[in-house]
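Engineer: Below is a structure I'd like to ask you about.
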Amino acid sequence: MHAIINQPYGVLYGSQWAWQDVDNDGIHDEDEPILIDEASGLPIFSDVSGIIGNPYPDWMASVNTDVTWKGITLSGLLDIRVGGDIWCGTIARMNRIGVSEASGNREETYVVPGVIEQADGSFVTNDIEISPADYFQSYLGDFAASEQAIFDGGWVRLREAKLSYSFNLDKNSFIKMLNLSVTGRNLWLKTDYPGVDPETSLTGAGSNIAGFDWFNNPSTKSWLFGVSAAF
């Protein structure tokens, strides 16, 4: 985490790969290939660290619904987050020690996408095959540059859903009103983030620093049952 002039507070900063700086601006854009060492077939580390991600989302929204019919009420809260980078050290460590789903495929060799710089300054596409151990430890694992573990933390989440029923009681009865309800929280999550839950943070829910995932506990799913009455 760094505070950098003209950058959002808490911008993610860390080690990065050397790359083919096509536009000569000193910034590693997504479409600029990384440099590969011809001897090992592995990416080359940059001599300097840099900004590798922005933990703040592009935008967030919530959609709330409440429908009532013949005493039955159904309500729900859908949360949406678009953008926001997260350093997922969890998946990087799991890749390195071979317990992630991806690292289970160990029967083939791999080629790291990138380019090799030639003696004359030209670049050729990398085609050097490396072992699964090198690939998952030094390219996708936590032996790699920190920027390799940056992922989009966007999601769509069903934050809460509630179903309740209000009984239509006689006004002269002892119980004037009776309501039964069941509420579910964090029931559904749609995300491409490879970690457990992109909403959790290593620094805690009350921190103003976000974007770090190191075996964080996920948000809990819960069910609540309620009864309310008026006499």
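Engineer: What order do you get for 146-153, 128-135, 215-222 when each peptide is scored by the mean count of other beta carbon atoms within 10 Å, highest first?
Structural biologist: 146-153, 128-135, 215-222
Engineer: Further question: For the range 1-42, what number results from the quotient of the Cα radius of gyration and 2.2 N^0.38 Å?
Structural biologist: Rg over 2.2 N^0.38 Å, computed on Cα atoms: 1.47.
Engineer: Another one. At what distance in angstrom do the alpha carbon centres of the range 53-129 and the range 153-231 lie from each other?
Structural biologist: Cα centroid to Cα centroid, the span is 25 Å.
Engineer: Any chance you could list P(r) for the range 12-230, counting all Cα-Cα pairs in 10 angstrom bins from zero, rounded to whole %?
Structural biologist: Final binned percentages: 7, 24, 25, 17, 11, 8, 5, 2, 1, 0.
Engineer: Here's something else I'd like to know. Take T203 and V124, extend 7 Å from each Cα along the Cα→Cβ direction, and tell me the distance between the two endpoints in nm.
Structural biologist: 4.6 nm
Engineer: Test of understanding: ordering T68, T203 by Cβ neighbours within 10 Å, fewest first, what list do you get?
Structural biologist: T68, T203
Engineer: So which trypsin sites (Lys or Arg not before Pro) in the range 16-96 end up in coil per DSSP with only 10 or fewer other C-beta atoms within 10 Å?
Structural biologist: The qualifying sites are K70.
Engineer: For the range 108-231, take N as its residue count and report Rg(C-alpha) divided by 2.2 N^0.38 Å.
Structural biologist: So the range 108-231 has a normalised radius of gyration of 1.93.
Engineer: Here's a follow-up. Find which of Q137, L158, V112 sits farthest along the positive direction of the dipole of the range 105-165, computed with +1 on the beta-carbon of Lys and Arg, -1 on that of Asp and Glu, about the Cα centre.
Structural biologist: Farthest towards the positive end: L158.
Engineer: Any chance you could list P(r) for the range 111-174, counting all Cα-Cα pairs in 10 angstrom bins from zero, rounded to whole %?
Structural biologist: For the range 111-174, the pair-distance distribution reads 14, 22, 19, 11, 8, 7, 8, 7, 3, 1.
Engineer: In addition: Which of the peptides 17-24, 37-44 is most tightly packed, and how do the rest follow, going by the mean number of other Cβ atoms within 10 Å of each residue?
Structural biologist: Those peptides, ordered most packed to least, come out 37-44, 17-24.
Engineer: What is the sum of charges around F45, taking Lys and Arg as +1, Asp and Glu as -1, for the other residues whose C-beta is under 14 Å from the C-beta of F45?
Structural biologist: So the surrounding residues net to -4.
Engineer: Return F225, F143 ranked ascending by Cβ neighbour count within 10 Å, so the fewest neighbours appear first.
Structural biologist: Final ranking by Cβ density, sparse to dense: F225, F143.
Engineer: Then there's this: Less than 14 Å Cβ to Cβ from D127, Lys/Arg counted +1 and Asp/Glu -1: what total charge do the surrounding residues give?
Structural biologist: So the surrounding residues net to -3.
Engineer: Continuing with this model, one more query. Taking N as the number of residues in the range 1-74, what is its Cα Rg relative to 2.2 N^0.38 Å?
Structural biologist: 1.95
Engineer: Enumerate the lysines that K176 could reach by cross-link, defined here as Cα to Cα under 27 Å, with residues fewer than 8 away along the same chain left out.
Structural biologist: K70, K162
Read the figures in this text as sums done on the coordinates, not as results from a lab. Note that the structure is a prediction, hence the values are computed from the model and not measured. Using ideal geometry, Cβ is built from the backbone for each residue, glycine included, and neighbour counts are taken over all protein chains shown.
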